[in-house]
Amino acid sequence: MLFNDKVILVTGAGSGIGRAAAMHFAKESGWVFGADRNETGLDETAGMMSASGYRFDRLKVDVSDEAAVAELVRTIYDKAGRLDAAFNNAGIAGGNHWLEDYPSDLFAQVISINLFSIFLCMKYQIPLIRRNGGAICNTASVAALTGPGGLSAYAASKCGVHGLTRVAAMENASKGVRVNALAPGLTDTPMVAATRVENVAFDNMARTAVPMKRAAQPDEAAAAAVWLCSPAASYVTGQMIIVDGGLTIGG
Ligand code: NAD
């Protein structure tokens, strides 16, 4: 059991990759705190956890709100007395608009939820994780490495996550906290289903472009995040692990 007696925070735990990771951490005996702004999604995750007999606490939080993130970490400390790992994963796609048509308020919102939230989460998590040592995984995307047309805010936010991850890894390498990023490719979650409704042609094109000719299942992406947070990755820090069916190697 990789996370026996360990306390793990997963953001975006009410859906998709976050829910899959929460289940995976719990299966490895971790005590999981799941945060999300979507209470219904959190309730569904909680139901799955309890059906499997896993330990799970749900917390309704907007991860782009500094006071709420500070309170989230404080609540975990009050209840569990420690934090060993964090998977900072909540995010939004932000719609598909050519740069010159991209609504400025939506651009700011995507940066706030996808990037500023990662800064906030790490700002409050790191001092607590440092006490016993541990690891953080931040969700980036293959969009941090490519230029997906229509997704300027998303790509910019995910490049930022990559940069923040490397800085946090450098600052904490000698302090017992490893920090890495996960870069999923196309993964079949509600986020992708919503994008497909908006633009079927774009979704079909994205699927055709994957050398493995299929999207990932949420658990396939989550497994890499769980590994990065586990002792099995004890000498890995500052890296972004790509889980994309070969998308970024062409083919
Ligand atoms: P999803 O929509 O299924 O799950 C995202 C979760 O984040 C939702 O439960 C949502 O309520 C939560 N969330 C959004 N904004 C929040 C906020 N401000 N505060 C708290 N919770 C918030 O999507 P997913 O595909 O599982 O996405 C998870 C992460 O993976 C995201 O960061 C996304 O950018 C990234 N990602 C996804 C794909 C993909 O193809 N699905 C590819 C690359 C990266």
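Numerical summary
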quantity	calculated
Unmet requirement for A135, which otherwise passes all of (1) away from the ligand (no atom under 15 Å from the Cβ); (2) assigned to a helix (DSSP H, G or I); (3) surrounded by 21 or more Cβ atoms within 10 Å (Cβ to Cβ)	(2)
Selection within region 65-83 - among the small types (G, A, S) and either in contact (Cβ under 8 Å) with a residue 60 or more places away in the chain or surrounded by fewer than 16 Cβ atoms within 10 Å (Cβ to Cβ) (or both)	A67, A70, A80, G81
Candidates A140, A153, filtered to the one that is surrounded by 18 or more Cβ atoms within 10 Å (Cβ to Cβ) and more than 22 Å from A21 (Cα to Cα)	A153
Residue within region 150-161 that is hydrophobic (A, V, I, L, M, F, W, C), under 21 Å from E100 (Cα atoms), within 14 Å of the ligand (Cβ to nearest atom) and not in a helix (DSSP H, G or I) present	yes
Every pair of residues 6+ apart whose Cβ atoms lie under 9 Å, when the first sits in region 84-100 and is more than 14 Å from T187 (Cα to Cα) while the second is among the aromatic types (F, W, Y) and part of a loop (DSSP other than H, G, I, E, B)	D84/F3; A85/F3; G94/Y102; G95/Y102
Filter result for A233 (within 15 Å of the ligand (Cβ to nearest atom) and over 14 Å from the mean Cα position of the chain (by Cα))	no
Among (1) among the hydrophobic types (A, V, I, L, M, F, W, C); (2) within 17 Å of C121 (Cβ to Cβ); (3) out of contact with any strand residue (DSSP E or B) (no Cβ under 6 Å at 6 or more places or on another chain) - the single one M1 does not satisfy	(2)
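Residues are listed down the side, and each one gets a yes or a no for (1) within 15 Å of the ligand (Cβ to nearest atom); (2) out of contact with any Phe, Trp or Tyr (no Cβ under 7 Å at 6 or more places or on another chain); (3) more than 14 Å from C121 (Cβ to Cβ):
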site: V10; (1), (2), (3): yes, no, no
site: A21; (1), (2), (3): yes, no, yes
site: S29; (1), (2), (3): no, no, yes
site: A85; (1), (2), (3): no, yes, no
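Every number in this text was worked out from the coordinates using simple rules, so none of it is lab data. As the structure is a computational prediction, the values presented were derived from the model and not from experiment. Cβ coordinates were reconstructed from backbone atoms using ideal geometry, including for glycine residues, and neighbour counts include every protein chain displayed.
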